[in-house]
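Let me begin by presenting the structure, written as structure tokens, before commenting on it.
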Amino acid sequence: MAHLQIELPTIQNWNCHNCSGCCKQHGIFITEEEERRIESQGWEASGELSKGLEPIIKEKSLFGKKQSRLAQQPDGACIFLDEQGLCRIHGKFGEAAKPLACRIYPYAFHPKGNEITVSLRFSCPSVTQNLGKSLVRQNKEIREIAELVVPKNRPESVPPKVTGQTRLNWKEILEIIHRLDQSMAGEATPMTLKLLRTLFWLNLIQQTNYQNIRGERLAELLDLLVEAAPAEVPAIPEAVSPAKVALMQFRLLAGQYARKDTFASMDTSFKGRFSQLRAATRLSSGKGNLPQLHPDLGEVPVSALEGSFGPIPAESEELFTRYFRVKIQGIHFCGPAFYDIPLIEGFQALALTYSVTLWLARWRAVAQSRTTITAEDIREALQIVDHQHGYSQVFGTWSSKKRITTIAHSGNLDKLLIWYAR
Ligand code: SF4
């Protein structure tokens, strides 16, 4: 049988360092077959799990669909995580007995024409810190994991739409993705400037009449625009405050990323809902104190996040460059990997994670009584952001998508990128 063709990010290292972080922050959704398998493992009768807790929670999703997930211990950790930080299912029945979601994390596999491209989740600290062996040297092992996820006789994949309802073919979509990757390469140019230049040419591509410009002509146009971008956006413009309404939309979005959603920590009581409502009111008004939404993000005044926090630490340029390139090369920002959002709108949402990360890094700094952000603030903030981006059901809702297009179409995306990078 022919091997599955996979494409790996060339700039990323990774190996698991058993920090058990993923077992403490992710909700693990399971299939019916996995549910039957775990039920047949006899955990309830064994008495090995936290007292009084059933191993599987059956519930309805935000969209009313039935779903099952592994239960969590009172501190948010997976019900199967033992005192040594190891997985009980793995220990007793072997790796293959675990739910697929646990086996594939932090990899993400997405169609790319006839191949499968591999991305990573930056919620894993080993990913953000680039720890371990180069992924390209782990091709065989990663392909074996991909074979567990990708159906053998899968139908030909459909490329993501380019914008709105417009669909191009794979070759054309890959021409755009290749230019996006090129535009993010290199650490000599600050990420803020790389994003502004990319949004400049992407904005023009969004307005293209695709009936006339296809194939070679599209590739030529892309070359022209990408080449013109540095002259059109020679430097980072002076920061101008984004419009009030855009700041409000942004804060509501950023607050959503900051929410800890380990199910166990979600407070659905009246008091919990009231506190969420209060948080939303403060986020939208920009007044009062932000409540603690995450262990690293203590109570701080909303207004304290708006001033200048100094330049972005040089080592964070490498992290941002790797983050955006892995997400682009792995097509982890649009189409099936991202709520079926078209490529251009998906890139706008991805670009906004830059500002959200810097906003959360500011929050972390202020919570620790600092007025500048460190590379560690940024790394921790990116882990929070990428835990949610593309995975939280909330970001797939109509209102969330609308929030991003409103920010982008009103010209405030550029302003936000500059505002929180100063
Ligand atoms: S968060 Fe990453 S390093 Fe930590 S246990 Fe999970 S996969 Fe391993």
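The values are calculated or read from the model by the stated rules, or taken from the named source; none is laboratory data. As the structure is a prediction and not an experimental result, all values here were calculated from the model. Glycine gets a Cβ as well: all are built from the backbone with ideal geometry, and neighbour counts include every protein chain shown. These area figures cover heavy atoms from the full protein model, side chains too; ligands, DNA and RNA do not enter into them. Shrake-Rupley method; radii C 1.70, N 1.55, O 1.52, S 1.80 Å.
Helices of the chain meeting both criteria, an alpha-carbon length of 24 angstrom or more along the long axis and an average Kyte-Doolittle score not below -1.0, with helices taken as full DSSP H segments, are 215-232, 343-367. Rg and Dmax of region 286-416, both derived from C-alpha coordinates alone, stand at 15.0, 41 Å.
Dipole check for the chain: with +1 at the C-beta of Lys and Arg, -1 at the C-beta of Asp and Glu, and the Cα centre as origin, the magnitude is about 960 Debye. In a simple Cβ point-charge model (Lys, Arg +1; Asp, Glu -1; nothing else charged), region 244-419 has a dipole of about 640 debye relative to its Cα centre.
Evaluated on region 170-232, the Kirkwood hydrodynamic radius is 12.1 Å, with distances taken between all distinct Cα atoms. Between region 333-358 and region 9-52, the alpha-carbon centres lie 28 Å apart. Taking only the alpha-carbon positions of the chain and ignoring solvent, what does the Debye formula give for the base-10 log of I(q)/I(0) at q = 0.09, 0.10, 0.12 Å⁻¹? The Cα Debye sum returns log10 ratios of -0.59, -0.73, -1.06.
For Lys66, a cut-off of 25 angstrom between C-alpha atoms picks up these lysines, skipping any fewer than 8 places away in its own chain: Lys24, Lys58, Lys98, Lys260, Lys401.
Under a point-charge model restricted to the Cβ atoms of Lys and Arg (+1) and Asp and Glu (-1), what is the dipole moment magnitude of region 170-232 relative to its Cα centre, in debye to the nearest 20? Walk me through the numbers before you get to the answer.
Details: 6 positive and 9 negative charges, 32 e Å.
The dipole of region 170-232 has a size of about 160 debye.
Of the solvent-accessible surface of the chain, computed with a 1.4 Å probe and all protein chains present, 53% belongs to carbon and sulfur. Using alpha-carbon pairs under 8 Å, 6+ residues apart, how would you state the relative contact order of the chain in percent? Once divided by the residue count of the chain, the mean separation gives 20 percent.
From its DSSP helices (H runs of at least four residues, each -39,500 (n - 2.57)), the chain gives a residue-normalised ellipticity at 222 nm of -14500 deg cm²/dmol.
Accessible-area rank, largest first, for Met184, Met248: Met248, Met184, with all protein chains present and a 1.4 angstrom probe. Among the chymotrypsin sites (Phe, Trp or Tyr not before Pro) within region 60-121, those in coil by DSSP and having at most 14 neighbouring Cβ atoms inside 10 Å are Phe63.
Amide H contacts of Gln73: Cys78, Ile79, each under 5 Å away and 5 or more positions distant or on a separate chain (H built 1.01 Å from N in the peptide plane; Pro and chain starts excluded).
In this structure, the amide hydrogen of Glu7, modeled 1.01 Å from its nitrogen in the peptide plane, lies closer than 5 angstrom to those of Ile116, Thr117, Val118, counting only residues at least 5 positions away or on a different chain.
Its residues counted as N, region 6-149 yields a C-alpha radius of gyration over 2.2 N^0.38 Å of 1.12.
Taking 7 Å steps out from each Cα toward its Cβ at Ser284 and Ser303 produces label points 2.1 nm apart.
For the chain, what does the accessible surface come to per residue with a 1.4 Å probe? Please give it in Å². Intermediate results must be reported in sequence, preceding the final value.
Numbers: 19830 Å² over 422 residues.
For the chain, the per-residue accessible area is 47 Å².
Give me the percent of DSSP beta bridges within the chain that run antiparallel, rounded to the nearest 5. Numbers along the way, then the final one.
Details: 21 of 23 bridges.
The antiparallel proportion sits near 90 percent.
Cα extents for region 131-253 along the principal axes, largest to smallest and rounded to whole angstrom: 51, 44, 33. Extending 7 Å from Cα along the Cβ direction at Ile56 and again at Gln138 yields two label points whose distance is 2.9 nm.
Taking the alpha carbon gyration tensor of region 105-190, multiplying each eigenvalue by 5 and rooting it gives semi-axes of 24, 22, 11 Å, largest first.
With both labels modelled 7 Å from their Cα along Cα-to-Cβ, the Ser157 to Ala375 distance reads 3.3 nm.
By the rule of a C-alpha distance below 18 Å, with chain neighbours fewer than 8 residues away ignored, the lysines paired with Lys171 are Lys112, Lys161.
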